[in-house]
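Engineer: Following this message is one structure expressed as structure tokens.
The values are calculated or read from the model by the stated rules, or taken from the named source; none is laboratory data. The shown structure was predicted, so the numbers you read here are calculated from the model rather than taken from an experiment. Cβ placement follows ideal geometry from the backbone for every residue including glycine, while neighbour counts extend to all protein chains displayed. For accessibility, only protein heavy atoms count, side chains too; no ligands or nucleic acids. Shrake-Rupley method; radii C 1.70, N 1.55, O 1.52, S 1.80 Å.
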Amino acid sequence: MSSPAVPIIPVRQVLFPGNIITASVGGSLVKMVRTVILPALSKGSKGEKGKGSDTLVGIVARVPAKEGGGKKGADNMEASDLYTVGTLARVLSYKSRNNRYEIVFEGVQRFHLDSFSQKEPFLKANITVPADSGELEDPALKALVPKMRESGRKLLSALYPNPESSQRSLLEKTMSSVSSPSRLADWIAAVVE
């Protein structure tokens, strides 16, 4: 399903649906933060201050720079500098300092980046959001969830050998609350990354 153009924020890491990242935003993206994100947060579209916004932005990972190619900033991004699959994200909170913003995003849903509709004063793109797959009705996928959780526990044990680790405990608790096979796969991928 095609969606209206959304503001795009290029980031260095992948944001998966259901996961949270913090991104440092500056340069030309400050204009987008001030005209799109801050007004949405100040409206309190979720009802309470600090609870985030219903306004969605597109988070797209940058393709790693080729050897000797240098780093491009958001001011001169080309389509070939970004992956074609991104994640629509809700802004949960932000901090401002020295004309930069540290913004906390929560991934909501994947999308395909079709084309840029705007490059100035910030990137906007036409996107396509895939239709819901109805995966929860598939008994074969539901049956994989316990095996996926066991693999997730093994991964956490390898990453955090100390069973008393608060980080490991928090991640195990989070993993146990995920019931969707695709969200669990995204969660495990985010931990690996």
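Engineer: Out of everything in the stretch 148-187 that is among the hydrophobic types (A, V, I, L, M, F, W, C) and under 18 Å from the mean Cα position of the chain (by Cα), what residue ends up being surrounded by the most Cβ atoms within 10 Å (Cβ to Cβ)?
Structural biologist: 187
Engineer: Report the residue count in the stretch 92-119 for those that are closer than 17 Å to residue 40 by Cβ and free of Cβ contacts under 8 Å to residues at least 60 places away in the same chain.
Structural biologist: The total comes to 3.
Engineer: When you go through 105, 116 one by one, which is the residue that is surrounded by 12 or more Cβ atoms within 10 Å (Cβ to Cβ) and within 15 Å of the chain's Cα centre (by Cα)?
Structural biologist: 105 is the lone residue from the list that is surrounded by 12 or more Cβ atoms within 10 Å (Cβ to Cβ) and within 15 Å of the chain's Cα centre (by Cα).
Engineer: Looking at 100, 62, 90, can you tell me which residue is open to solvent by 60 Å² or more (accessible area, probe 1.4 Å) and at pLDDT 85 or above?
Structural biologist: Answer to the check: 100.
Engineer: Okay, moving on. When the residues of the stretch 126-147 are narrowed to those that are in contact with an Asp or Glu (Cβ under 7 Å, 6 or more places away or on another chain) and modelled with pLDDT of 80 or more, which ends up least open to solvent (accessible area, probe 1.4 Å)?
Structural biologist: Looking at the filtered set, the residue picked out is 127.
Engineer: Which numbered condition in (1) open to solvent by 50 Å² or more (accessible area, probe 1.4 Å); (2) in a helix (DSSP H, G or I) is the only one that residue 110 fails?
Structural biologist: (2) is the only condition that residue 110 fails.
Engineer: Which one of 52, 68 is open to solvent by less than 40 Å² (accessible area, probe 1.4 Å), modelled with pLDDT under 75 and not in a helix (DSSP H, G or I)?
Structural biologist: Matching residue, one of 52, 68: 52.
Engineer: Would you be able to tell me the number of residues in the stretch 3-23 that are part of a loop (DSSP other than H, G, I, E, B) and of a type in the set (Gly, Ala, Ser)?
Structural biologist: Of the residues in that region, 1 qualify.
Engineer: Let me ask something else about it. Which one is modelled with the highest pLDDT among residues in the stretch 24-49 that are in a loop (DSSP other than H, G, I, E, B) and surrounded by 13 or more Cβ atoms within 10 Å (Cβ to Cβ)?
Structural biologist: Once the filter is applied, the top-ranked residue is 26.
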